[in-house]
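Down below is the structure, laid out as structure tokens.
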Amino acid sequence: MDLNSLLLKIYEAASMQRWNDQIKTIELTELDKQSHKMIVAYILGRCEEDLGAGDKEKVQIDWITVIETGIFDFLKRIVLTDLKPPLIYKIKEDNKKYRKLNQWVFERISPFAQDLGSDFIEKLKKHLYSTEETLETRIVNAAHFYITEWEFHIISQSSHRNFLFDEIDQSIKQEQMRYRDLGCLKYFHNNKNLRDFADIAGQLRFQQRWSHLYRIPKTSVLGHMLIVAMFSYLFSYKAGLNRQRRINNYFTGLFHDLPEVLTRDIINPVKKSVEGLDELIKEYEIQEMEKKIYKLIPESWHKDIRHFTEDEFSNTEERDGELVKGADDLAAYMEAYLALKNGIRNEDLVSAMQNLIKKYRGKIISGIDFEKIYRDFE
């Protein structure tokens, strides 16, 4: 299968409802959960590096492993959509059965990754078959259960408690106990500012993209950020970019719309409707980030977060901003494409698609033929 098949597969998470056996006042999708999880994984990873900063052997997080663990777990979750987590944990207790389950998962995911080469597929296989946890995988898993608890808290506050609530609560706490020795997790739990930072990012779940239009599937700003991050990483991997560029391209995608938690998702036609409005919005976002966001995180993180959120689509020595912008635009195109494919026709969606096809005609960015990607969707 070509890369487009994998990109479409990724979007299945936008339709996957979490907690669908519970009464919910809001939609909680797998895509949003995975995005929120990776933001917390970034926070935990940075905390772990900061905690070891004074040691002779400074802790250096392997961010490629963090990113790829997130991607592989994401794809696995799409395949196992019908299995509730408690059942998966039960299967995991039997090594033979768990290996068979992972083999089944690999057989269904690997065809979609063929276009990325044998090395990528081998890393996917190694991740699925491995029973050992590295520091990086433990950080991602700890972030996973933190966000599970975060979601459960929302449900428990807004829903009538049923007989399963105590059991679910105990199950989450039991899984979290496995990671209580992580210094970064202890530090995070004891730092209200960092928890507030994670909560603010989580609010982007509730901001719908294309909010003036009816679409299926709906996507939030938070979910879109992970889509752009994964697209950016997959394109960077396929293009053979070095480790640091892949890392920065991914995290630029993951954080690029963070300022929208302060301004809402403003569609391009509105931004372009008045001369200078786009620049004014950007200036306001920077001011609000200074007042409300940067005070929540260590000063040593400011440079990177600015790099990911200000002038995020510019090329630098260690970041391919144009490639990230290509991923951002492609994500918008696919949102419109999927809506039309699902029977929702709107002139705004059609116009947006046509404009993007025209924009990327003859365009190759970092070795990625964007014209071909768009053409293959037509």
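Laboratory data are not the source of any read-out in this text; all were calculated from the coordinates shown. Just so you know, these numbers come straight off a predicted model, no measurement behind them. Cβ coordinates were reconstructed from backbone atoms using ideal geometry, including for glycine residues, and neighbour counts include every protein chain displayed.
Computed over neighbours whose Cβ is under 12 Å from that of G362, the net charge equals +4, Lys and Arg +1, Asp and Glu -1. Simple point charges give the picture: +1 on the Cβ of Lys and Arg, -1 on the Cβ of Asp and Glu, and for the chain a dipole about the Cα centre of about 880 debye.
Could you list the GluC sites (Glu not before Pro) in the range 100-137 that lie in coil according to DSSP, counting only those with at most 12 other Cβ atoms within 10 Å of their Cβ? Intermediate results must be reported in sequence, preceding the final value.
Values: sites: E107, E122, E132, E133, E136; in loops: E132, E133.
Hits after loop and neighbour filter: E132.
Defining a contact as two alpha carbons under 8 Å apart and six or more residues distant in sequence, what relative contact order in percent does the range 207-378 show? Don't skip to the end; give the middle numbers.
Numbers: 174 pairs, mean separation 44.2, N = 172.
Taking the mean separation of contacting Cα pairs over the length of the range 207-378, I get 26 percent.
Applying both filters, DSSP loop and at most 12 other Cβ atoms within 10 Å, to the GluC sites (Glu not before Pro) of the range 1-66 gives E57.
So which trypsin sites (Lys or Arg not before Pro) in the range 143-204 pass both tests, a DSSP loop state and at most 13 other Cβ atoms within 10 Å of the Cβ? Could you put the intermediate results ahead of the total?
On the way: sites: R161, K173, R178, R180, K186, K192, R195; in loops: R161, R178, R180.
Those satisfying the criteria are R161, R178, R180.
If Lys and Arg each add +1 and Asp and Glu each add -1, what is the summed charge of the other residues whose beta carbon sits under 12 Å from the beta carbon of K126? Once positives and negatives cancel, what remains is -2. If you sort the three axes of the alpha carbon gyration tensor as a ≥ b ≥ c, you get a/c under 1.5 for the chain, which makes it rounded. Can you give the relative contact order of the range 98-239 as a percent, counting alpha carbon pairs under 8 Å and 6+ residues apart? Answer for the range 98-239 is 17 percent.
Indicate the gyration tensor shape class of the range 236-378 (rounded, prolate or oblate), computed on the Cα atoms with a ≥ b ≥ c the square roots of the eigenvalues: a/c under 1.5 is rounded; otherwise a/b larger than b/c is prolate and the rest oblate. All intermediate terms of the calculation are to be shown ahead of the outcome.
Values: a/c = 2.18, a/b = 1.28, b/c = 1.71.
Oblate.
Placing dummy labels 7 Å off each Cα toward the beta-carbon, the span from F206 to D348 is 2.2 nm.
At a threshold of 8 angstrom on Cα-Cα distance, excluding pairs fewer than six apart, so keeping six or more, what relative contact order does the chain reach in percent?
On the way: 403 pairs, mean separation 69.0, N = 378.
Reported as a whole number, the value is 18 percent.
In this label model, E317 and L135 are separated by 2.6 nm, measuring between points 7 Å along each Cα→Cβ vector.
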